[in-house]
Amino acid sequence: MIAENREQTIFNHRGKKIVADRDIEIIAKVDEPLVVVLGNMLSDEECDELIRLSTDKMKRSKIGTVHAENEIRTSSGMFIEEPDNLIITRIEKRIEAVMNIPIEHGERLQVLRYLPGQEYKAHHDFFSAASNVTNNRISTLVMYLNDVEQGGETFFPHLKLSVTPQKGMAVYFEYFYNDPLLNDLTLHGGAPLEIGEKFVATQWMRKQRVR
Ligand SMILES: O=C(O)CCC(=O)C(=O)O
Ligand SMILES: [Fe+2]
């Protein structure tokens, strides 16, 4: 592999694991644009807590659950705003270590819930130049909160890659390259869920702090 010509990445981990408060496994990788499949990102208990917090909040607030207003995303989404929750704090510390960005650059965790037939069509997580967003997103971590029976893979059509959701695992990717073509290649989506339920928690990082 010729590494010299590669652009620098935000993700700075080498080898097969990331040592944080638990050992996170680097399972698979696409080099450019960088996409990394991670094992052991969350414990079962942490996954369950994220699902509980999001479903609790959906129940408490009738208007809380935000259904997508268009056909791009048909799942329901919820931002987790629990600054005093110790489990969230612990997860955020780990996310900082993995993404190599201070959590102050992070939007609140978003939990998405998909039911059969629901999907997230191919999209970019960054905002287009036309949108005039000054503090754009630079990287994403999608964490899988449950085992999915069938469907619901995270797919990257340009990379011909798809990741099967498995409880506690995650997929990381970044799109802050100088070469805009590399950023464009991070197009991705959540395939239609076929059977069961799918929960993910997404962390988006911004170029500058947001909290
Ligand atoms: O549900 C998935 O697999 C993808 C989620 C996603 O693309 C996002 O949250 O930005
Ligand atoms: Fe996305």
*Please go through the range 114-130 and pick out each residue that is within 17 Å of Glu149 (Cα to Cα) and either within 15 Å of ligand 2 (Cβ to nearest atom) or of a type in the set (A, V, I, L, M, F, W, C) (or both).*
Tyr114, Leu115, Gln118, Glu119
*In the range 131-178, the residues that are of a type in the set (Asp, Glu) and in contact with a Ser or Thr (Cβ under 8 Å, 6 or more places away or on another chain)*: Glu153, Glu174
*May I ask you to list pairs of residues, at least six apart or on different chains, whose Cβ atoms are under 6 Å apart, with the first in the range 45-63 being within 15 Å of Leu112 (Cα to Cα) and modelled with pLDDT of 95 or more and the second being part of a helix (DSSP H, G or I) and not charged (D, E, K, R)?*
Glu49/Ile87
*Any chance you could count how many residues in the range 154-169 are closer than 24 Å to Asp44 by Cβ and within 13 Å of ligand 2 (Cβ to nearest atom)?*
2
*asked:* Name the residue that is nearest to Thr202 (Cα to Cα), counting only residues in the range 118-133 that are in contact (Cβ under 8 Å) with a residue 12 or more places away in the chain and open to solvent by less than 60 Å² (accessible area, probe 1.4 Å).
replied: Asp125
*Working only within the range 134-177, note down all residues that are outside any strand (DSSP E or B) and open to solvent by 60 Å² or more (accessible area, probe 1.4 Å).*
Thr134, Asp147, Glu149, His158, Lys160, Thr164, Gln166, Lys167, Phe176
*Give the residue that is farthest from ligand 1 (Cβ to nearest atom), with candidates limited to residues of the range 200-211 that are buried (at least 19 other Cβ atoms within 10 Å of the Cβ) and among the aliphatic types (A, V, I, L, M).*
Met205
*Going by the structure shown, is Glu197 in contact (Cβ under 8 Å) with a residue 12 or more places away in the chain, under 13 Å from Ser75 (Cβ atoms) and either open to solvent by 40 Å² or more (accessible area, probe 1.4 Å) or away from ligand 1 (no atom under 12 Å from the Cβ) (or both)?*
yes
*asked:* So for the range 187-210 (the condition being away from ligand 2 (no atom under 14 Å from the Cβ), more than 16 Å from Tyr120 (Cβ to Cβ), within 13 Å of the chain's Cα centre (by Cα) and not charged (D, E, K, R)), does at least one residue qualify?
replied: no
*Listed residues Val148, Val142, Val98; which is under 20 Å from Leu38 (Cβ atoms) and within 15 Å of ligand 2 (Cβ to nearest atom)?*
Val142
*(1) surrounded by fewer than 22 Cβ atoms within 10 Å (Cβ to Cβ); (2) in contact (Cβ under 8 Å) with a residue 24 or more places away in the chain; (3) under 23 Å from Met41 (Cβ atoms): which one isn't true of Leu115, the others all being true?*
(3)
*Leu181: more than 12 Å from ligand 1 (Cβ to nearest atom) and on the phi < 0 side of the Ramachandran plot, yes or no?*
yes
*So, in the range 67-95, of the ones that are open to solvent by 40 Å² or more (accessible area, probe 1.4 Å) and modelled with pLDDT of 95 or more, which residue ends up farthest from ligand 1 (Cβ to nearest atom)?*
Leu86
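Tally up the residues in the range 102-122 that are within 15 Å of ligand 1 (Cβ to nearest atom) and farther than 16 Å from Gly152 by Cβ, please.
Going through the range 102-122 one residue at a time, the tally reaches 5.
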*Hey, any hits in the range 132-139 for a residue that's modelled with pLDDT under 95, more than 15 Å from the chain's Cα centre (by Cα) and within 15 Å of ligand 1 (Cβ to nearest atom)?*
no
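The values are calculated or read from the model by the stated rules, or taken from the named source; none is laboratory data. Since the model is a prediction, treat every value here as computed from it, not as a measurement. Quick reminder, even Gly has a Cβ in these numbers, built from the backbone with ideal geometry, and neighbours come from all protein chains shown. Each accessible area value is taken on the protein alone, full model and side chains, heavy atoms only, with ligands, DNA and RNA left out. Shrake-Rupley method; radii C 1.70, N 1.55, O 1.52, S 1.80 Å.
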